[in-house]
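The values are calculated or read from the model by the stated rules, or taken from the named source; none is laboratory data. Note that the structure is predicted; figures quoted are calculated from it, not measured. Here Cβ is always computed from backbone atoms with ideal geometry, including for glycine, and neighbour counts include all displayed protein chains. With ligands, DNA and RNA removed, areas are computed over all heavy atoms of the protein, side chains included. Shrake-Rupley method; radii C 1.70, N 1.55, O 1.52, S 1.80 Å.
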Amino acid sequence: MKENNINRVFVVVLDSFGIGSAPDAEAFGDGGSDTLGSIVKSRAFNAPNLSKLGLFAIDGQKEKAPEGTKIEMNAAVARLCELSNGKDTTIGHWEMAGIISEKPLPTYPNGFPDEVIDEFKKATGRGVLCNLPYSGTQALTDFGEEHMRTGDLIVYTSSDSVFQIAAHESLVPPEQLYEYCRIARSILVGDHAVGRVIARPFEGDAPNFTRTSRRHDFSLEPTEDTMLDSLKAEGFDVIGVGKIHDIFAGRGLTDYAYSESNADGMKKTIEIAGRDFRGLCYTNLVDFDSKFGHRRDIDGYAAAISEFDAWLGDFLPQMRDDDVLIITADHGCDPAYTKTTDHTREYVPMIITGKHIAPIDLGTIDGFDTVAATVCALLGSETFYKAPGVAGLVCEGSEPSVAELLTLAEKSRENAYAPYSDFKVGAALLCKSGNIFLGCNVENAAYGGTICAERNAMTTAIAAGEREFTAIAISGGKHDTIEECLPCGTCRQFMAEFSPDGDLLVVTGNAREPYIYPLSALLPYSFSKDSLS
Ligand code: THU
């Protein structure tokens, strides 16, 4: 099944590196947010390597390039749109790894309901203090003494989906506290399946309580199998760096390393790149989000991207011929967005580079799980996700699938000239040679002069010397909608000329749910050159 030569894929997640508000950002209270758009204005922003790869060639980014930046594209680039109903780290990474979450993880702005707290009290035999969103250190100041007196546990949350338990180490030894966390984890299921239960042990005397380093996270297990599970099951190495282990509750990893900072995570990734392995190295760099995004520190964020860019300058030359690097993100956290200090619902970049990767602009693609599908296909894994991925489009030696072709048809549709009908159509034609030609409809004030997308792609290919074709993908619809768009009669006849057996595959719908018809089903008993003889 594996056709390409890829042995290792590095996925590096720049945590919260959004590239502009998603179409549904308003519904998340984040209209107009744009993480990249905000940090490029800082003098601390200096990203020559990202620019060279194609950061500013991604859909919608050109106008953000700092003055004097040349718009280059030396990698395969796309803008990804999140499908899950959420904008947090867990949901973002899970989608990237193959799970679409219909519901966001639950949050508790008014504290946890009685049903949860009562069960927790009963199971632990201890009372509960606080039970509100609270700053961790303030919780110790306000409830520490009462905790010391009564032995009741300090339970608090935040704007994230977390259940945190603080207890003094002299009263509740960390092992005991971890056990309470496991109890909470077993209670917090179904509608109350929070992202993390966190043990927060502390020490010292009132009022100078301090938290100890024995914090521990108990993450929610992924609700379905991810690319990590399937790669591991197929015998690949799956190495997590940074928060990856916690985000997936350790599932699907064959090895992992935590990191103390972005610099440490980048260092560990370089170390891993020096080892021999076959599979995936999945790195999360969290400082962008935790140290700069939430703290709304624009210059700090910009400087962190510049630091990453300098790291890229070291990493790229060290990549082996059969390595691929994918740079992406899990959500946005615009440091200039002052309505909240929360994450922002944004598009994220997907930049794919490597010796065997062709530079290609893939436009805007629905689903962060494009990453999972691409990683699995690059490595030759048997697993397929709902998303078609882009491996076949970008990787030398791979054949694009018909669903992948639709991604290009959608991209091509952006160029359609359809001022009269407002019905834009894009087409992507796969030749037997492996070459792909694009087309779009071109209308004319004399309506009859209009050329359809399919014939545009076919004639371009024919003019380039192509005569044999495997499949044609068609993406069309009124305004920005995509519907099943079947070729008109003239186009069917036109295609039949170059598919005498009617075996050309006509693909329409969208890349996630393609409809595939052999031409013979769309135009049986056609008039052909045989009819003339
Ligand atoms: N169109 C195509 O490009 N392909 C088809 O097969 C159906 C129709 C275009 C032509 C015109 O610009 C618009 O869609 C509305 O008919």
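Spatially, the range 75-110 and the range 461-530 are offset by 35 Å when compared through their Cα centroids. Each residue, Lys103 and Ser135, gets one label point 7 Å from its Cα in the Cβ direction; the gap between the two is 3.3 nm. Helix 174-187 against the longest principal axis of the chain: what's the angle in degrees, Cα atoms only, rounded to the nearest 10? The angle comes out near 50 degrees.
Considering only alpha-carbon pairs that sit under 8 angstrom and 6 or more positions apart, the relative contact order computed for the chain is 19 percent. Shown in residue order for the range 286-294 are the 3J(HN,Hα) couplings computed by the Karplus curve 6.51 cos²θ - 1.76 cosθ + 1.60 at θ = phi - 60°: 8, 4, 3, 7, 6, 8, 10, x, 4 Hz (x for Gly and Pro). Inter-part distance, the range 142-190 to the range 373-452, computed on C-alpha centroids, equals 53 Å.
If I fit a long axis through the Cα atoms of helix 136-150 and take the longest principal axis of the Cα atoms of the chain, what angle between them do I get, 0 to 90°, rounded to 10? So the helix axis and the longest Cα principal axis differ by about 40 degrees.
Compute the signed sum of charges (Lys and Arg +1, Asp and Glu -1) over the other residues within less than 11 Å, Cβ to Cβ, of Ala22. Neighbourhood net charge equals -4.
Relative to the dominant Cα principal axis of the chain, helix 298-318 is inclined by about 60°. Taking a ≥ b ≥ c as the square roots of the Cα gyration tensor eigenvalues, with a/c under 1.5 meaning rounded and otherwise prolate when a/b beats b/c, else oblate, which class fits the range 158-309? Oblate.
Which percent, nearest 5, of DSSP beta bridges in the range 402-532 are antiparallel? Here the share of antiparallel DSSP bridges comes out near 85 percent.
Just to be sure I understand: of the beta bridges DSSP finds with both ends in the chain, what percent are antiparallel, rounded to 5? Taking every DSSP beta bridge within the chain, about 50 percent pair in antiparallel fashion. Exposure check, 1.4 Å probe, all protein chains in place: Arg200 carries approximately 40 Å² of accessible surface.
Among beta bridges identified by DSSP and lying wholly in the range 97-200, the antiparallel ones come to about 25 percent.
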